[in-house]
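Worksheet: one structure, shown below.
The values are calculated or read from the model by the stated rules, or taken from the named source; none is laboratory data. The shown structure was predicted, so the numbers you read here are calculated from the model rather than taken from an experiment. Methodologically, a virtual Cβ is constructed for each residue, glycine included, from the backbone with ideal geometry; neighbour enumeration extends over all protein chains shown. Accessible surface areas use protein heavy atoms only, side chains included; no ligands, DNA or RNA. Shrake-Rupley method; radii C 1.70, N 1.55, O 1.52, S 1.80 Å.
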Amino acid sequence: MTAPGTRDPEARSRRHDPGRRDRLVDVAIGVLAEHGVAGTTHRRIAAAANVPLGSMTYHFDSMDDLLHAAFTRLAERTADVFDQALTQAGTTEEAADAVVGLISGPTLNGAETLLASLELYALAARRPEFRAITDAWMARSRKALHAHFDPETAFMLDALIEGTTLHRALSLDPMPVRTVRAAVERIVRP
């Protein structure tokens, strides 16, 4: 407990928080995954980030501004994973293995990423101004795939990754990895 007339050191440290906006964006992704776009509020994000509610309106002009920042961050992080997985591949076969790993691995299938991605897809389907985020995300994914595959094959693989990831996530009996591998092989080596 602080003496009367002195400042609480914890309150002071919270005021000097140069990374607060970035932290709020990160926290917003989790809140979006947990509550969806419809249930995400400035109040929920502020509470989850343990910051005053006023921080939300200080850092974001509107809920749309916050949604744009959070979904852009989500798309960039996921695209970074694509880049990393495909950059490590030295051959077409290794790149095909990387695609199988992306579909069946934990990055795209983690609850937060998956649920927040679904929220982005639904929002972009309803509100075209958010499609710039999904379009840039798909373009980055295809660019990473282009390093190993021709443009048409990269386009097919990108669609397979999205669709198969959703099928595996929503199915009560998810597609086995061997079937994922067979699908990738059919596209890569028709």
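Here are the numbers for the structure shown:
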| item | result |
| --- | --- |
| Label-point separation in nm, ASP26 to ASP61, each point 7 Å along Cα→Cβ | 2.6 nm |
| Separation between Cα centres of segment 108-140 and segment 158-190, rounded to whole Å | 19 Å |
| Alpha-carbon Rg/Rh ratio, for the chain, with Rh computed the Kirkwood way | 1.09 |
| Within the chain: Cβ-based charge dipole about Cα centre, in debye rounded to nearest 20 (Lys, Arg +1; Asp, Glu -1) | 500 debye |
| Rough spin-label spacing in nm, given labels placed 7 Å along Cα→Cβ, for ASP80 and GLU93 | 3.2 nm |
| Rg/Rh ratio calculated on Cα atoms of segment 100-190 (Kirkwood radius) | 0.98 |
| Gain on full stretching of the segment that runs from ASN50 to ASP173 - 0.36 nm per residue minus C-alpha separation | 40.4 nm |
| Accessible surface of the chain [probe 1.4 Å, protein heavy atoms]: carbon and sulfur percent | 55 percent |
| Mean residue ellipticity (222 nm) of the chain, computed from DSSP H runs ≥ 4 via -39,500 (n - 2.57), nearest 500 | -24500 deg cm²/dmol |
